[in-house]
1. Can you spot a residue in the range 79-86 that is over 30 Å from residue 9 (Cα atoms), over 13 Å from the mean Cα position of the chain (by Cα), modelled with pLDDT under 90 and β-branched (Val, Ile, Thr)?
2. Criterion first (over 29 Å from residue 107 (Cα atoms) and among the β-branched types (Val, Ile, Thr)) does residue 20 satisfy it?
3. Only one of 90, 43 is among the polar types (S, T, N, Q) and under 30 Å from residue 104 (Cα atoms). Can you tell me which?
4. Please list, ordered by residue number, the helices (runs of 4 or more DSSP H) wholly in the range 13-108 having 1 or more residues that are more than 29 Å from residue 3 (Cβ to Cβ) and either small (Gly, Ala, Ser) or touching a Leu at 6+ places or on another chain (Cβ under 9 Å) (or both).
5. Let me spell it out: the conditions are (1) at pLDDT below 90; (2) under 23 Å from residue 107 (Cα atoms); (3) surrounded by fewer than 13 Cβ atoms within 10 Å (Cβ to Cβ), and residue 12 meets all of them except one. Which number is the exception?
6. Could you check how many residues of the range 7-43 are hydroxyl-bearing (Ser, Thr, Tyr) and under 13 Å from the mean Cα position of the chain (by Cα)?
7. Report every pair of residues separated by at least 6 positions or lying on different chains whose Cβ atoms are under 8 Å apart, first residue within the range 80-108 and closer than 29 Å to residue 20 by Cβ, second at pLDDT below 90 and surrounded by 10 or more Cβ atoms within 10 Å (Cβ to Cβ).
8. Which number in (1) among the charged types (D, E, K, R); (2) at pLDDT 85 or above; (3) over 19 Å from the mean Cα position of the chain (by Cα) marks the one condition that residue 67 misses?
Amino acid sequence: MFRVIVVQYRMVTPEYFMDIMQPWELAEFANVIEYNNAAGWEQTRSIMYMIAQVNSKKKLSIKDIMKLPWDMENNKSNKEITNEEIAMLQKKAEERIKLMKQQKQTDN
């Protein structure tokens, strides 16, 4: 993880990673790594779309050209959330709060 977060993506300094970073922060960084180059991928997709559209007689959609991970997530967000999912998210939030309080107490 050090190589990816510090060296490859330069999200934090080596000192922060080694001495200050909390375990929950590492998990959050790991969750967003795939979005680090999102702007570049969107730009690539737009260029591909323009090239394909001028060479096609059909009307194309930009998502027809190349699907990206966040396109799928946007589709998932349109579904209704169940009571079980709400309960699970509440439990996770409570666990996260408890962990943060424990870490704060050990830091003091």
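1. Yes, that holds for at least one residue.
2. When the stated conditions are applied, residue 20 does not pass them.
3. Sole residue among the options that is among the polar types (S, T, N, Q) and under 30 Å from residue 104 (Cα atoms): 90.
4. In the range 13-108, 38-54, 83-107 are the helices (runs of 4 or more DSSP H) which contain 1 or more residues that are more than 29 Å from residue 3 (Cβ to Cβ) and either small (Gly, Ala, Ser) or touching a Leu at 6+ places or on another chain (Cβ under 9 Å) (or both).
5. (3)
6. Of all residues in the range 7-43, those hydroxyl-bearing (Ser, Thr, Tyr) come to 9, 13, 16, 35.
Adding the requirement that they be under 13 Å from the mean Cα position of the chain (by Cα) leaves 35.
Going through the range 7-43 one residue at a time, the tally reaches 1.
7. Note: pairs meeting the criteria are 96/24; 99/24; 100/24; 103/22; 103/24.
8. Here residue 67 meets the rest and fails (3).
The values are calculated or read from the model by the stated rules, or taken from the named source; none is laboratory data. As the structure is a computational prediction, the values presented were derived from the model and not from experiment. Counting neighbours? That spans all protein chains shown, and the Cβs are built from the backbone with ideal geometry, glycine included.
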